[in-house]
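A short reminder: the numbers here are calculations on the coordinates, not readings from a lab. These figures come from a predicted structure and were not determined experimentally. For neighbour counting, all protein chains shown are included, and Cβ atoms are generated from backbone atoms with ideal geometry for every residue, glycine included.
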Amino acid sequence: VMRALVLQGSHPELATADAAAPQFLQSYAHPVLAGIVFAGLFAAIMSTADGFLNIGAAAVVHDIPTAIRGRGLKNELFWARIVTAVLAVIASLFALYTGVWRPSPDLVALLGAFGWATFAGALVPTVAIGFNWKRATATAANVAIISSLMINFGIKLLNISVPYGIDGGFIALVVSLTLFFGISFLSEPQKLPPDIEAAMDL
């Protein structure tokens, strides 16, 4: 709608494509509809931020110490609160001052796309497939995650131009899936604990 209005001369040219929805809601939608949409948008933003803060705090306070020391921290709830506040401050500073070292109006969009590409390439093989396929191995999962991260970061940091406009995240996903399946098929099948096997049979 906004593109049509701009082409007809009924609305000034938008500064960015991201301004289309807010401009439409503010200028042409009923105030009640605009209020509902903006409330939903803010709720989605807050729930996403909350989810990532919880995941980050859980990883720092429980998952990483358990992987390294074999047990979590004492008084995990207290430390989770501290880490949540620290992560929120770091994220806020990153959002506010990133333009200093890399001025780019599309940085947030790039980070979002890069984050989802990393998420897909690293976790689709291990979570979506690995949790449901008894033939999957830990080695295959580790290699899939590491290869996906290396490809994603390599393409972005080295400014590698992929032919035909193919997204780097797609390449990372294909490579990680190929390695995941290949290594799992070439490895010796692993005996699963009875409780895990029972859960996978559900």
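Report the Cα centroid-to-centroid distance between the range 142-199 and the range 55-91 in angstrom, as an integer.
Using only Cα atoms to place each centre, the spacing works out to 27 Å.
Note down the magnitude of the dipole of the chain about its Cα centre, charges +1 on Lys and Arg C-beta and -1 on Asp and Glu C-beta and zero elsewhere, to the nearest 20 debye.
360 debye
What aspartates and glutamates sit close enough to residue 156 to cross-link, taking a C-alpha to C-alpha distance under 16 Å and skipping anything fewer than 8 places away on the same chain?
Reachable aspartates and glutamates: 106, 167.
Taking mean projected area of the Cα convex hull in nm² straight from the coordinates, which label in (i) 16.2; (ii) 17.5; (iii) 11.0 is the correct one?
(ii)
Tell me the angle of helix 138-157 to the major Cα principal axis of the chain, expressed in degrees between 0 and 90 and rounded to the nearest ten.
30 degrees
Could you order peptides 26-35, 80-89 by the average number of other Cβ atoms within 10 Å of their residues, highest first?
The densest-packed peptide leads the list: 80-89, 26-35.
Where does helix 31-58 land angle-wise versus the long Cα axis of the chain, in degrees 0 to 90, nearest 10?
Its long axis makes an angle of about 30 degrees.
Treat each spin label as a single point 7 Å out from the Cα along the C-beta direction, and report the residue 74 to residue 128 distance in nm.
A separation of 4.4 nm, rounded to one decimal place.
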